[in-house]
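Working notes, structure below.
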Amino acid sequence: MVASVKKESVVTVPGHLAVIMDGNGRWARRKALPRQAGHRAGIKPVRAMVEHCAKLGVKHLTLFTFSSENWKRPGEEIRLLMALFVEALNSEVDELDQNGIKLTFMGEIDRLHPTLQETIRVAEARTRNNGGMELTLAVAYGGRGDLVSAARRLAREVAAGMIDPEEIDEARYAEALQMAKLPDVDLLIRTGGERRI
Ligand code: IPE
Ligand code: MG
């Protein structure tokens, strides 16, 4: 149980912890509640996790929330999820800021509802200079999509004569990836019980 974690009993703390947030719908179904109730109930454990990670000295916490695959969900569920994001961000940003947490986002942010985009901009700007844990929310993010965008960007640079194909190495490719702006992940957790990334 999270509440029983004692700082002195922890030997190694991951520098970068990433969590794929999954299982909201199944949680709700078990309780005979609508999926949306599961999404809403997910906010509380996320809050607790952020608090504990910051206390334990985790440097980077990345939460994979709405993935690019989730665009296939019914429009109504997407709308509710986006509204929940706006609501949660607005209500948490003060406390996150007071605790020195720096909020960053990755994913296809420009595909999100304008209100959410604005909330994201405000949250990032507010916490930009904070020196505590960096909390990255992946929204409308997909690892494969990130690889494709990076390849396109490098291809455009080659086509424009800005770089030579031979100059593309691991470091150069990493620069073009959103995920590589963060240090490598030390521990990846997927909630909900499925074993896949
Ligand atoms: C994760 O829970 C929340 C988001 C993807 C936003 P799911 O909605 O995927 O819940 P399950 O997997 O159907 O239980
Ligand atoms: Mg799921």
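Tabulated results
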| item | result |
| --- | --- |
| Of 129, 23, 81, farthest towards positive along the dipole that unit charges on Lys, Arg, Asp, Glu beta carbons give the chain | 23 |
| Shape category assigned to the stretch 27-121 from the gyration tensor of Cα positions, a/c cut at 1.5 | oblate |
| Burial ordering of 122, 139, 148, fewest other beta-carbon atoms within 10 Å first | 148, 122, 139 |
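Read-outs throughout are calculated quantities, based only on the coordinates presented, and are distinct from any laboratory measurement. Note that this is a predicted model, so its numbers are computed, not measured. Quick reminder, even Gly has a Cβ in these numbers, built from the backbone with ideal geometry, and neighbours come from all protein chains shown.
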